[in-house]
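Colleague: I am attaching a structure below and will ask some questions about it afterwards.
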Amino acid sequence: MKLTYPFSAIVGQDEMKLAILIAAVDPSVGGVLVFGDRGTGKSTAVRALAALLPKMKAVVGCPYNRDPALEPADAPKPKTHQVPVPVVDLPLGATEDRVVGALDLERALSQGVKAFEPGLLARANRGFLYIDEVNLLEDHLVDLLIDVAASGENVVEREGLSVRHPARFVLVGSGNPEEGELRPQLLDRFGLSVEVKTPTDIPVRIEIVRRRDAFERDPEGFTEKWKAEDDKIRRRILAARKRLEDVQVPDAALERAAQLCMKLGTDGLRGELTLMRAARALAAIDGDKAVGDSQLKRIAAPALRHRLRRNVLDDAGSTVRVDRAVQELFA
Amino acid sequence: MSSKAWEDATLAAAVFAVDPAGIGGVHLRSPAGPVRDRWLAALSRALPAPPRRMPVGIADDRLLGGLDLAGTLQAGRPVAQRGLLADADGGVVLAVMAERLPPGTAAKMAAVMDRQEVVVERDGVALSHPTRFGVVAFDEGGPDDDPVPIALTDRLGLKLDFTQIPPREAPEIDFGDVSDARALLPRVRCGDEALQALVQAAVALGIASLRAPLHALRVACAHAALNGRETVEAEDAAAAARLVFAPRATQLPAPPEQEAPPEEPPPPPPDQQDPNQDPPPPDDEQQAEELKGPMEDQVLDAVLASLPPALLAQMQADYASRERARSSGKSGALHKGGHRGRPSGIRRGEPKAGQRLNLIATLRAAAPWQRVRGAIKPRVQVRPDDFHVTHYRQRRETTTIFVVDASGSSALNRMAEAKGAVELLLADCYVRRDKVAVIAFRGKAAELLLPPTRSLVRAKRSLAGLPGGGGTPLAAAVDAAGALAESIRRRGDTPLVVFLTDGRANVALDGTGGRPKAEADALDAAKRMLASGAATMLIDTSPQPAAQARKIAGAMQATYMPLPYAGAQTLSQVVRARAGG
């Protein structure tokens with residue numbers, strides 16, 4: 001396993017880090033899309049997430065990491081163990097058989113047995129599925145992902161196999177918009193969307209280059225040095241998860257969220273729902289007992305900017321439109 | 001001048017040979033010829049192993065690795081094979097004709113370079129191999145060609161241009177053995193001053209990507225190692241800046257008195273700052289003081305010395321046009337040919353002309369029956385029943401060129417509708433993956449407002465700024481559209497030209513006014529358009545359908561449509577139907 005750059009050592013890019021933390025605290029927020037300039041640490045941040053996640057309980061020997069808590073009550077208690085939360089990389093150039101799973105060639109050829117070999121979607125169950133350069137993903141894989149992400153289940157009907165298995169994962173994508181747009185159906189699958197830009201501040205840039213250089217020279221030493229900080233973030237995630245249940249969402253906050261979405265004309269209720277959940281997760285991270293304006297304000301842009309109807313002739317970007325609406329509403 | 005360029009090229013090769021993976025690579029713009037050959041020969045001599053050539057159309061299983069079919073059939077069990085990128089570990093990959101490199105391939109290479117690991121999930125094979133390599137990208141592209149995908153070039157620290165170096169000014173080079181420098185490299189340290197100078201210089205020269213200063217840092221270290229030093233000195237930093245920054249510069253540094261504080265206040269330092277970290281970033285004032293230090297001056301001077309102002313201006317224009325060209329996006333450009341395109345499924349059946357046997361699917365189909373068929377290990381028995389072929393959807397991309405009349409007579413009441421139609425089509429492009437281009441004409445000339453693109457952002461910007469008024473240089477517009485259509489076709493795509501005009505030409509090709517000459521020119525241009533064979537359509541924007549527009553449309557055998565019947569919505573439907581969607 002190659003060492004990944006520590007999450008805590010990423011300089012700046014606060015919105016991106018916050019969105020990733022929120023997804024780690026409450027996966028039901030529905031995934032994160034990180035879009036923006038080259039060389040801004042998009043994939044670094046996502047890959048670093050794996051090191052932050054506390055372990056989870058899973059059924060021993062289950063290729064889908066089944067949650068023992070969800071086993072039927074009358075079934076015999078399965079053996080469980082602690083496993084790392086999967087953060088599965090879907091590399092560019094992956095073929096369909098490896099993504100959805102296929103006939104196990106090894107066993108078929110050597111033993112003549114027709115067995116299912118689970119794919120990446122199976123491995124990602126209960127975890128995260130990361131797609132770098134998500135906008136370059138081939139169309140037929142995109143179709144497939146949209147379907148599975150919506151249903152939480154992977155249905156395989158191929159090569160005489162008929163298999164279905166749970167595939168609930170948080171979709172995390174990154175990419176550069178200049179290399180192609182994302183299909184709207186896929187865009188809609190992401191709960192939060194973050195825009196990253198190259199920092200313009202010179203001391204910040206120097207610090208980024210300095211740390212990156214230090215990491216590349218001595219990955220072990222660098223990781224060790226930042227371990228305490230990463231541990232701190234992991235504890236924050238754990239604490240926030242514990243608090244999440246108890247965070248109140250007052251009617252006033254719900255109303256604010258609804259007003260904001262109406263003002264921006266977002267389609268459907270997904271925007272409001274995401275906004276609400278993200279604000280709640282943020283309150284849990286902050287240690288607040290209830291969702292208030294401050295959380296709504298901070299999370300409005302990532303939760304809503306990709307849900308605005310695109311208007312070709314409107315010069316203002318989505319972020320500007322959200323900010324404007326927030327300012328008017330919370331004035 | 002050119003011998004100076006050759007000196008730099010020599011230095012770049014030496015530096016790159018010291019640390020290929022760290023520096024990432026060399027983007028080499030040059031026609032094939034003795035200059036390039038000499039350079040590559042010198043580089044190859046300095047490398048521990050000869051560079052591995054990567055053909056432009058390399059398939060994913062050869063690039064990244066996958067199932068070894070021959071081995072699998074022979075062994076009777078799946079055998080994985082490594083790809084070229086895994087094999088290149090510790091060496092150099094030579095990407096030939098990089099300007100033709102598909103964006104997908106470039107993105108896969110970039111991902112491997114970033115991770116320093118090949119991760120393969122293909123054809124029943126899951127494997128990963130650590131690998132570190134440098135890339136030399138041969139770019140023979142002319143001004144009309146697509147640029148090398150920036151996903152790749154952004155990761156190549158060095159850029160050289162041999163197009164201006166005549167062979168006689170490029171003597172044979174031999175910088176001998178660089179293995180001493182390679183051995184010294186891990187001990188080379190770069191002080192903070194040099195680091196700051198490099199970052200500062202990159203900003204002053206308008207270089208946005210943060211990979212550039214990192215590359216410069218690597219080059220500086222390699223340069224120091226070549227000179228037997230364990231510490232990066234001003235000379236090393238200056239050489240690095242010259243090699244890495246000069247080809248990327250987009251602006252001249254502002255004179256010192258204009259060096260205002262950064263536009264945006266620095267974000268608050270990360271609250272998880274580790275107290276026992278390296279010295280924390282000093283505060284702004286102190287920073288500014290340090291950055292004015294002598295090292296900073298030397299580094300910038302080095303870049304400027306290698307950049308005569310005229311050259312910079314030219315380079316800037318070159319950069320801008322390449323940026324534009326790049327944004328026009330060739331992502332997803334489909335190749336034609338019997339066995340290419342987007343795979344649209346695998347079906348049972350024997351391979352006929354133009355179809356390719358899908359060996360993996362065939363093998364999968366055969367596998368479960370091996371025992372029944374009494375196969376003798378390690379042979380696999382395959383029967384015709386097992387044959388599967390891959391079906392590809394072969395669709396050329398369509399680029400719709402809108403030629404919008406922005407002249408006084410036509411524009412003002414109709415432009416909104418033209419914009420509306422372009423907008424609707426752009427929304428369509430998401431799904432259809434088509435491109436749109438816009439040419440506007442008014443006054444004396446036609447202007448390419450929007451090169452072929454799918455980017456909403458760009459379309460938005462260019463349309464918003466479309467002014468109206470002036471004469472109607474229809475002939476120039478028709479010719480411009482014809483030229484663009486031709487270049488689109490050369491790329492293997494299908495152009496569709498949609499004119500929105502009232503046809504009242506009143507500016508001739510040579511820019512002079514006068515209706516009769518202008519109309520005659522427009523008719524001639526329309527005939528040339530017909531000869532080009534592009535599908536065309538003319539939407540008459542005059543209040544009443546006019547004879548002129550109909551005549552022009554007739555001359556180029558365009559579908560003619562008067563606008564009164566066509567709102568923006570109808571327009572987009574008609575264009576869509578025409579595009580065969």
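Colleague: Hey, what did the range A:7-196 get for relative contact order, percent, Cα under 8 Å, at least 6 apart?
Modeller: Details: 337 pairs, mean separation 58.0, N = 190.
Across the range A:7-196, relative contact order equals 31 percent.
Colleague: Among A:N135, A:T80, A:L182, whose Cα projects farthest towards the positive end of the dipole of the range A:66-216, with charges put on the beta-carbon of Lys, Arg (+1) and Asp, Glu (-1)?
Modeller: Positive-most Cα among the choices belongs to A:T80.
Colleague: In whole Hz, with x marking every Gly and Pro, tabulate ³J(HN,Hα) for the range B:358-374 from phi via Karplus 6.51 cos²θ - 1.76 cosθ + 1.60, θ = phi - 60°.
Modeller: Result, ordered by residue: 8, 5, 5, 5, 4, 5, 4, 5, 7, 3, x, 9, 4, 5, 4, 7, x Hz.
Colleague: Once the whole set of protein chains is in place, how much accessible area is left on B:S209, using a 1.4 Å probe, in Å² to the nearest 10?
Modeller: B:S209 has an accessible surface of roughly 20 Å² with all protein chains in place.
Colleague: Dipole of the range B:1-176 (Lys/Arg Cβ +1, Asp/Glu Cβ -1, origin at the Cα centre): which of B:L64, B:V26, B:Q74 lies farthest to the positive side?
Modeller: Final value for the positive-end residue is B:Q74.
Colleague: Roll a 1.4 Å probe over the protein heavy atoms and report the accessible area of B:D114 in Å², nearest 10.
Modeller: 60 Å²
Colleague: Just to verify a number: FRET efficiency for A:D251 and A:D139, C-beta to C-beta distance, R0 = 51 Å, to 0.05? Intermediate values should be presented prior to the final figure.
Modeller: Details: r = 43 Å, r/R0 = 0.85.
With a Förster radius of 51 Å, E is 0.75.
Colleague: For the range B:97-198, rounded, prolate or oblate, judged on the Cα gyration tensor with a ≥ b ≥ c (square roots of eigenvalues), a/c < 1.5 rounded, else prolate if a/b > b/c? Numbers along the way, then the final one.
Modeller: Numbers: a/c = 1.81, a/b = 1.12, b/c = 1.62.
Judged from the Cα gyration tensor, the range B:97-198 comes out oblate (a/c at least 1.5, b/c at or above a/b).
Colleague: Around A:V11, what is the net charge, scoring Lys/Arg as +1 and Asp/Glu as -1 over all other residues with Cβ under 12 Å from its Cβ?
Modeller: Numbers: positive: A:K17, A:R205, A:R210, A:R211, A:R212; negative: A:D14, A:D201, A:E207.
Neighbour charge sum, excluding A:V11 itself: +2.
Colleague: Which log10 I(q)/I(0) values does the range B:1-176 give at q = 0.09, 0.10 Å⁻¹ under the Debye formula, counting every alpha carbon as one identical point scatterer?
Modeller: -0.33, -0.41
Colleague: Report Rg(Cα)/(2.2 N^0.38 Å) for chain A, keeping two decimals.
Modeller: On the way: Rg = 20.9 Å, N = 331, 2.2 N^0.38 = 20.0 Å.
Its radius of gyration relative to the 2.2 N^0.38 Å reference: 1.05.
Colleague: How shielded is A:194-204 by partner chains, expressed as the average number of their Cβ atoms within 10 Å of its Cβ atoms? Provide the component values of the computation, followed by the final result.
Modeller: Values: counts 0, 0, 0, 2, 4, 5, 6, 11, 14, 13, 8.
Rounded to a whole number, the mean comes out at 6.
Colleague: Please list, in chain and number order, the residues 5+ apart from B:L67 or on another chain whose amide H is under 5 Å from its amide H, with Hs placed from the backbone.
Modeller: B:Q81
Colleague: Of all beta bridges DSSP finds with both residues in the range A:7-196, what is the antiparallel percent, to the nearest 5?
Modeller: Details: 12 of 29 bridges.
Once the DSSP bridges in the range A:7-196 are tallied, antiparallel ones form about 40 percent.
Colleague: Tell me, what HN-Hα J-couplings in whole Hz come from the Karplus equation 6.51 cos²θ - 1.76 cosθ + 1.60 at θ = phi - 60° for each residue of the range B:238-243, using x for Gly and Pro?
Modeller: Whole-Hz 3J(HN,Hα) from phi for the range B:238-243: 5, 4, 4, 4, 5, 6.
Colleague: Right, another one. Which value, in debye to the nearest 20, describes the size of the charge dipole of the range B:1-176 about its Cα centre when Lys and Arg Cβ atoms bear +1, Asp and Glu Cβ atoms bear -1, and nothing else is charged? Please report the intermediate quantities before stating the final value.
Modeller: Details: 18 positive and 24 negative charges, 73 e Å.
Dipole about the Cα centre, nearest 20: 360 debye.
Colleague: What accessible area, summed over both chains, is buried at the B-A interface (1.4 Å probe, Å², nearest 100)? Don't jump to the answer; show the numbers that get you there.
Modeller: On the way: alone 28440 and 17490 Å², together 38810 Å².
Protein heavy atoms only, the B-A interface buries about 7100 Å².
Colleague: In chain A, what percent of the accessible surface is made up of carbon and sulfur (1.4 Å probe, ligands and nucleic acids excluded)? Mind showing how you got there, number by number?
Modeller: Details: 7070 of 13860 Å².
Ligands and nucleic acids excluded, carbon and sulfur reach 51 percent.
Colleague: Report, in listed order, any pair from A:K17/A:K42; A:K2/A:K55; A:K57/A:K225; A:K263/A:K297; A:K55/A:K289; B:K527/B:K551 with a Cα-Cα distance greater than 21 Å. Could the numbers behind the result be given before it?
Modeller: Numbers: A:K17/A:K42 10 Å; A:K2/A:K55 19 Å; A:K57/A:K225 29 Å; A:K263/A:K297 14 Å; A:K55/A:K289 26 Å; B:K527/B:K551 11 Å.
As for pairs spanning more than 21 Å Cα to Cα, those are A:K57/A:K225; A:K55/A:K289.
Colleague: In whole angstrom, note down how far apart the Cα centers of the range B:13-47 and the range B:480-559 are.
Modeller: Answer, in whole Å: 48.
Colleague: Rounded to the nearest Å, what's the spacing between the alpha carbon centres of the range B:98-148 and the range B:184-237? Just the number, please.
Modeller: Spelled out, the Cα-based centre of one part sits 26 Å from the other.
Colleague: Separate question: Might you tell me the accessible area per residue for the range A:220-331, computed with a 1.4 Å probe and given in Å²? If you can, show how the numbers build up before the last one.
Modeller: On the way: 5890 Å² over 112 residues.
It amounts to 53 Å² per residue over the range A:220-331.
Colleague: Suppose every K and R has +1 on its Cβ and every D and E has -1 on its Cβ; what is the size of the dipole of the range A:251-330 about the Cα centre, in Debye to the nearest 20? Each step should come with its number before you reach the end.
Modeller: Values: 14 positive and 11 negative charges, 48 e Å.
Here the range A:251-330 has a charge dipole of around 240 debye.
Colleague: Going by average Cβ neighbours within 10 Å, how do the peptides A:79-86, A:272-279, A:141-148, B:214-221 rank, with the highest at the top?
Modeller: Numbers: A:79-86: 14.4, A:272-279: 24.5, A:141-148: 17.5, B:214-221: 28.9.
Result, highest mean Cβ count within 10 Å first: B:214-221, A:272-279, A:141-148, A:79-86.
Colleague: Continuing with this model, one more query. Pick out, from A:L192, A:A214, A:A258, the residue whose Cα sits farthest towards the positive end of the charge dipole of the range A:191-276, with +1 on the Cβ of Lys and Arg and -1 on the Cβ of Asp and Glu.
Modeller: Comparing the listed Cα positions along the dipole, A:A214 ranks first.
Colleague: Next question, about the same structure. What is the sum of charges around A:K57, taking Lys and Arg as +1, Asp and Glu as -1, for the other residues whose C-beta is under 13 Å from the C-beta of A:K57? Walk me through the numbers before you get to the answer.
Modeller: Working: positive: A:K55, A:R66, A:K77, A:K79, A:R126; negative: A:D67, A:E71.
Here the charged neighbours net out to +3.
Colleague: Which FRET efficiency value, to the nearest 0.05, do you get for A:E328 and A:Q185 by plugging their Cβ-Cβ distance into 1/(1 + (r/R0)^6) with R0 = 30 Å? All intermediate terms of the calculation are to be shown ahead of the outcome.
Modeller: Numbers: r = 31 Å, r/R0 = 1.02.
E between A:E328 and A:Q185, to the nearest 0.05, is 0.45.
Colleague: Any idea what diffusion coefficient the range A:251-330 gets from Stokes-Einstein, in µm²/s, Kirkwood Rh on alpha carbon pairs, 10 °C, 1.306 mPa s? Please list the in-between numbers first.
Modeller: Numbers: Rh = 12.6 Å.
The Stokes-Einstein estimate is 126 µm²/s.
Colleague: Going by accessible area, probe 1.4 Å, with all protein chains left in place, what is the ranking of B:T399, A:T95, largest first? Provide the component values of the computation, followed by the final result.
Modeller: Details: B:T399 0, A:T95 25 Å².
Listed by decreasing accessible area, they come as A:T95, B:T399.
Colleague: Would you grab the residues whose amide H sits under 5 Å from the one on B:T231? Only those 5+ places off in sequence or on another chain, please, with H modelled 1.01 Å from N.
Modeller: Under 5 Å from the amide H of B:T231: B:R189.
Colleague: In whole angstrom, note down how far apart the Cα centers of the range A:19-33 and the range A:275-290 are.
Modeller: If you average the Cα positions of each part, the centres end up 12 Å apart.
Colleague: Separate question: Let me confirm one metric for peptide A:99-112, namely the mean number of other chain beta-carbon atoms within 10 Å of its residues' beta-carbons. Could the numbers behind the result be given before it?
Modeller: Working: counts 2, 0, 0, 5, 7, 4, 11, 4, 4, 12, 16, 8, 5, 8.
Per residue, the average neighbour count from other chains is 6.
Colleague: If a/c stays under 1.5 just call it rounded; otherwise compare a/b with b/c (prolate if a/b is bigger, oblate if not). Do that for the range A:189-312, with a ≥ b ≥ c from the square roots of the Cα gyration tensor eigenvalues.
Modeller: Working: a/c = 2.98, a/b = 1.55, b/c = 1.93.
Since a/c reaches 1.5 but b/c is at least a/b, the shape of the range A:189-312 is classed as oblate.
Colleague: Another question about this same structure. Compute the accessible area per residue over the range A:7-196, keeping the other protein chains in place, probe 1.4 Å, unit Å². Don't skip to the answer; put the middle values down first.
Modeller: Numbers: 6700 Å² over 190 residues.
Using a 1.4 Å probe on heavy atoms only, each residue of the range A:7-196 averages 35 Å².
Colleague: Give me the inter-chain shielding for A:206-218: mean count of other chain Cβ atoms within 10 Å, whole number please. Spell out each step's value before the answer.
Modeller: Details: counts 14, 8, 4, 12, 11, 2, 5, 8, 2, 0, 6, 5, 1.
Mean partner-chain Cβ count within 10 Å for A:206-218: 6.
Colleague: Mind ranking A:K297, B:K444 by accessible surface for me, highest first, 1.4 Å probe? Don't skip to the answer; put the middle values down first.
Modeller: Details: A:K297 100, B:K444 145 Å².
Ranked from most to least accessible, the order is B:K444, A:K297.
Colleague: Per the helix-only calculation at 222 nm, which mean residue ellipticity applies to chain A, given -39500 (n - 2.57) for every DSSP H run of n ≥ 4 and division by its residues, nearest 500 deg cm²/dmol? Please list the in-between numbers first.
Modeller: On the way: 13 runs with 153 residues, N = 331.
Value at 222 nm, helices only, nearest 500: -14500 deg cm²/dmol.
Colleague: OK, next. Quick one: 3J(HN,Hα) in Hz for the range A:25-32, Karplus 6.51/-1.76/1.60 with θ = phi - 60°, rounded, Gly and Pro as x.
Modeller: Couplings: 6, 9, x, 5, 4, x, x, 10 Hz.
Colleague: Here's another thing I want to ask about it. What accessible surface, in Å², does a 1.4 Å probe find on A:R107, ignoring ligands, DNA and RNA and rounding to the nearest 10?
Modeller: 90 Å²
Colleague: From the C-alpha coordinates alone, can you work out the Kirkwood hydrodynamic radius of the range A:7-196, in Å? Mind showing how you got there, number by number?
Modeller: Details: mean 1/r = 0.0568 Å⁻¹.
Evaluated over the range A:7-196, this radius sits at 17.6 Å.
The values are calculated or read from the model by the stated rules, or taken from the named source; none is laboratory data. Please read these numbers as outputs of a predicted model, since none were measured by experiment. Backbone-built Cβ (ideal geometry, glycine too); neighbour counts: all protein chains shown. Calculation scope for accessible area: heavy atoms of the full protein, side chains included, ligands and nucleic acids excluded. Shrake-Rupley method; radii C 1.70, N 1.55, O 1.52, S 1.80 Å.
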